[in-house]
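Just so it is clear, none of the values below were taken in a lab; they were calculated from the coordinates. Just so it is clear, the structure is predicted and the values come from calculations on it, not from any experiment. All Cβ positions, glycine included, derive from the backbone under ideal geometry; neighbour counts span all protein chains shown.
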Amino acid sequence: MRELVIETKDLNKKYRGRYAVRNLNLEIGRGEIYGFLGPNGAGKTTTIRMLLGLIRPTMGSIHIFGKDLRKEKLNILRKVGSLVEYPSNYGHLTAVQNLEAVRRILDVPKSRIDEVLSIVSLTKDAKRPVKGYSLGMKQRLGIATALLGNPELLILDEPTNGLDPEGIHEIRELIRSMPQQHGITVLVSSHLLSEVEQMAGTVGIIREGELVFQDTISNLQQQASGGFRLVVSEPAEALQLIRGQGYAGRLEDGGLRLDQLSDPEVALLVKRLVDHNHAIYRVEEKRRTLEDIFMQVIEQGGLS
Amino acid sequence: MIGKALSSDFLKIRRKGIWFLVFLGSVGLLAMQALNFGLRYDYLTDRYKADLWKGLIGEIFSFVPIALYLGATLISSQIANVEHQNNSWKQLLALPISRASVFTAKVLLGFIAMGVACLILSAGTVVLGILLKFGTDDIPYLTILKLSFLPYLGALPMLALQLWLSLTLKNQALPITLGITAAIASMFAANYPEFIPLSWPFLSFISEAKPALPVGAGIILAFVVYMVGMGHFRGKDVN
């Protein structure tokens, strides 16, 4: 059985009569990279703020490392590193001073500052005021700050937001290395599936405050099969034959579009068509991209 | 925990102009009097010939309450702005430290900064008096300390209120407006009944016979405001 690092039960947050987060049940196992997906305004940041004790849930409970967040907040936060939305460094201080300001509260050895700076490759610019940094550098400093206290859990809210492709790549590699090199569990939120699928093993999709999907990426990919396309010599007659066999299908772009079928079913269907003297030009599996599935989940609130 | 937060805060206010403000406020008051006495030295020394030191202290004191209120307002706002400007509340409050400690550390920081300003004012008054050749034989050290510290204690409720408002409101327009209004209103403190807190910085020094009343009331009210502010800060959602 996997050990859960984060577990929320029926988590709710209500703002002025409107639910920003509704009946959310997150389950995040140790050593996972969990991609927390959803369009802007779906409740990702609200959820993350609740996980960090920044805002109070209207209802429901949060357990991190098996402890109740309400009762043992400081003990939990000692082992959590976080980066919430846009960077929150002190612009007038250098990177080293920024880390020192946080270090004084965390009470970790001074050498840790150099370590985290080298993890995010900022050693070279460490003595410059942060206000002169690029967004990508600020974001990396944010991650360094999150890593300062040797956390077991890293909570990153939209860490690649607003970065250029190179910056996105760097951050992604950094996040990917966390579980292997440092044994850290990572919760990373994003509104882009393409980004999350390159690093996360498990995804949770949130829409209008409700969790509509939570499973591994590979299970999500398995749902990606979207049926078959057949191109034959006489589509209209072939369609009648197929319907006679009890399968659903329709004409589409001069071919036939069939729902998802098992391998024996496909074989049988092709044989029937050949027996009735249809020439078969193509049998194609239509795979939907994860992006399509994501959009379907976002629009309909669940997988069909 | 408060010590750790305070040490972190001392680092964070570097180059934020807080110490400059502390210096400007106290030395500014002294510079005004240097000018005042410099321009009409003969007139003033004649007027205060009975007790030159007392005269100097009285002239300085007329601006102490307003300076305390303005200082409390600006320093509170600067302390809070370190976090507001950088959107760093969310980072700070997600650290393993209680909100009570965070709040108390910032209050202490304001308290210390204002205290340093008062210390500079006291020391500077002595220096100014000597420069003005008021003699070194009978410098009224105790009165000079009272000159800045008794009104400071009387002004503590305003410091506590300003810190509470500045730390919990991102928009600093309200606390600053309130602080400046109070500073101006404090100039007419002599006309207020003594239960009005605005009169306390004035009364604490002027009613030398019984300063315990405004000073004690100032400390108690400041503590109450601090507790209420902390309660608010602890329960607040951080966005």
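Summary table below
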| item | result |
| --- | --- |
| For region B:2-235, radius of gyration divided by Kirkwood radius, i.e. Rg to Rh on alpha-carbons | 1.01 |
| Sequence-distant lysines (8 or more away, or on other chains) whose Cα lies within less than 21 Å of A:K67 | A:K9, A:K13, A:K79 |
| Length-normalised contact order for chain A - Cα pairs under 8 Å, 6+ apart - percent | 20 percent |
| Packing-based ranking, highest mean first, of B:157-164, B:44-51 given that Cβ atoms within 10 Å are counted | B:157-164, B:44-51 |
| Over region B:2-235, relative contact order from alpha-carbon pairs under 8 Å, at least 6 apart, % | 27 percent |
| Reachable aspartates and glutamates, given that their alpha-carbon falls under 12 Å from the alpha-carbon of A:K286 and they are not under 8 places away in the same chain | A:D259 |
| Likely footprinting exposure, A:S121, B:S26, fewest C-beta neighbours within 10 Å first | A:S121, B:S26 |
| Packing-based exposure ordering (other Cβ within 10 Å, fewest first) of A:D107, A:D275 | A:D275, A:D107 |
| Beta bridges by DSSP in chain A, antiparallel share as percent, to the nearest 5 | 65 percent |
| Span from the region B:110-181 Cα centroid across to the region A:191-258 one, whole angstrom | 73 Å |
| Considering only the protein assembly as shown, percent of DSSP beta bridges that pair antiparallel, nearest 5 | 65 percent |
| Cross-link pairs A:K110/A:K138; A:K44/B:K4; A:K73/A:K138 - those with Cα-Cα distance over 24 Å | A:K44/B:K4; A:K73/A:K138 |
| Inter-chain Cβ neighbour average for residues A:71-78, partner chain, 10 Å | 2 |
| Gyration tensor (alpha-carbon) shape descriptor, region A:226-287, a/c threshold 1.5 | rounded |
| About the Cα centre, charge dipole magnitude for the protein assembly as shown (Lys/Arg +1, Asp/Glu -1 at Cβ), debye | 1360 debye |
| Shielding of A:85-95 by partner chains, average beta-carbon count, 10 Å | 5 |
| Cα gyration tensor, region A:1-43 - rounded (a/c under 1.5), prolate or oblate | oblate |
| Residue among A:D253, A:D292, A:D68 with the largest mean-square fluctuation in a Gaussian network model of chain A, springs linking Cα atoms under 10 Å | A:D253 |
| For B:84-90, mean number of other protein chain Cβ atoms within 10 Å | 6 |
